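Encoded as structure tokens, the structure appears first; notes follow it.
Any read-out appearing in this document is the output of simple, stated calculations on the displayed coordinates, not a laboratory observation. The structure presented is a predicted model; accordingly, all values stated were derived computationally and were not measured. Using ideal geometry, Cβ is built from the backbone for each residue, glycine included, and neighbour counts are taken over all protein chains shown.
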Amino acid sequence: MSAKSLVKDAVHVENLPYGALIINTDGIVKEANEKATSLWKQPLINQPWNDLIEEDSISKVLQQRKVLHRIEQITKNKKKLFTTYSPLLDEQKRTIGVLLLCENFENYVGNLTAHADLFSMEEIFTVLANHVDFAASFQLIEQLQPIHNTNWTQLIHSFEIEDRKKIEAKVKHVQSITFQDRRVVSESIRIGQWEQEIKISSTPAFIRGRLIGCLMMMQNLSEIKKEAQKLEQAKRLIRNLEKTFTFEDFIGQSFEIKMAKEHGKLYAKTNALYL
């Protein structure tokens, strides 16, 4: 199915077996089939995608031009979806939009478990682990070895061996509480010379009321705080520049530059928001 036929013929979108939307490069929904509309329970055509979903995935797909799988939440009714974003390219390989396929997450998991005779639970959770964009690990009760995704493996191997052992001990501790109490558990541990704070969370996984394992999530809170501090410093720098920057800081003596400076001084005296 070509991008050209998808964009020009909405019948293709309507006949897809999942909720399907075509979103243009401005992030506006241009086509949506009935299955997608039923998930949101509202008209979707000409709606900004960022108003419909809690996280912005469109810009990431447009920049990287790669297929992206996500578990996301609808802004209005908080319903969870399993989504697949695919960039649409024209004949010159230019990105002209994004095709989004989506399904109710509970239905998605139900379909997987309904085919458990074809796929083992280990295979199913391996797929799920690699479709989330955080450091994740599934521990199934009946499996000795946990299922780590790439983000988890990379984060673990960024620490020294002794620190890894401490993290693994904390993971087992948090995991045991989840299995025993059947509840969400979250604890932190400080490791290394710089006392990095690592947060480890565990969420029990149930199928038809039976506990089958847990989902582990690991975050380096120290790195997150560092990035937040860098962002705050950048904001302060911009605010300081706003206070000290004047029209005389414009460089150039051409007629156009001089006219721009004079117009800027004139408009700065007005209360107009848009010029």
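May I ask you to order 135-148, 54-67 by the average number of other C-beta atoms within 10 Å around their residues, highest value first?
Values: 135-148: 17.4, 54-67: 14.0.
By packing density, highest mean first, the sequence is 135-148, 54-67.
Give the long-range amide H neighbours of Ile96: residues separated by 5 or more places, or on another chain, with amide H under 5 Å away, using H modelled in the peptide plane at 1.01 Å from N.
Under 5 Å from the amide H of Ile96: Leu88, Leu89, Asp90.
Find which of Phe206, Ile177, Gln193 sits farthest along the positive direction of the dipole of segment 159-207, computed with +1 on the beta-carbon of Lys and Arg, -1 on that of Asp and Glu, about the Cα centre.
Positive-most Cα among the choices belongs to Phe206.
Out of residues 5 or more away from Ala136 or on other chains, whose amide H comes under 5 Å of its own, with H placed 1.01 Å from N in the peptide plane?
Under 5 Å from the amide H of Ala136: Asn149, Asn151, Trp152.
Residue by residue through segment 83-89, which ³J(HN,Hα) values in whole Hz follow from phi under the Karplus form 6.51 cos²θ - 1.76 cosθ + 1.60 (θ = phi - 60°), with glycine and proline marked x?
So the J values, rounded to whole Hz, are 10, 10, 9, 10, x, 9, 10.
Treat each spin label as a single point 7 Å out from the Cα along the C-beta direction, and report the Glu232 to Arg182 distance in nm.
4.2 nm
At a Förster distance of 22 Å, what's the computed FRET efficiency of Asn15 paired with Ile45, Cβ-Cβ distance as r, to 0.05?
Details: r = 17 Å, r/R0 = 0.79.
Step by step, r from the Cβ atoms, then E = 0.80.
Label points 7 Å out from Cα along the Cβ direction at Ala169 and Lys269: separation in nm?
Computed distance between label sites Ala169 and Lys269 equals 7.2 nm.
With r defined as the distance between the Cβ atoms of Glu34 and Arg208 and R0 fixed at 22 Å, what FRET efficiency is calculated, to the nearest 0.05? Walk me through the numbers before you get to the answer.
Details: r = 30 Å, r/R0 = 1.35.
Using R0 = 22 Å, I get an efficiency of 0.15.
For segment 35-46, what does the Karplus curve 6.51 cos²θ - 1.76 cosθ + 1.60, with θ = phi - 60°, yield as ³J(HN,Hα) per residue in whole Hz, taken in order and with x for Gly and Pro?
Taking θ as phi minus 60°, the curve returns 5, 5, 4, 5, 5, 8, 6, 6, x, 10, 4, 6 Hz for segment 35-46.
Can you tell me how segment 139-179 classifies by the Cα gyration tensor, rounded, prolate or oblate, using a/c under 1.5 as the rounded cut? List each step's numbers first, then the result.
Details: a/c = 2.55, a/b = 1.41, b/c = 1.80.
Verdict is oblate for segment 139-179.
Starting from the amide H of Ile207, placed 1.01 Å from N in the peptide plane, find each other amide H under 5 Å away whose residue is 5 or more places distant or on another chain.
Here the answer is Ile212, since their amide H atoms fall under 5 Å of that of Ile207.
Quick one: grab the alpha carbon gyration tensor of segment 125-253, order the square roots of its eigenvalues as a ≥ b ≥ c, and give me rounded if a/c is under 1.5, else prolate or oblate depending on whether a/b is larger than b/c. Working shown, then result.
Numbers: a/c = 3.13, a/b = 2.46, b/c = 1.27.
It comes out prolate by the Cα gyration axes.
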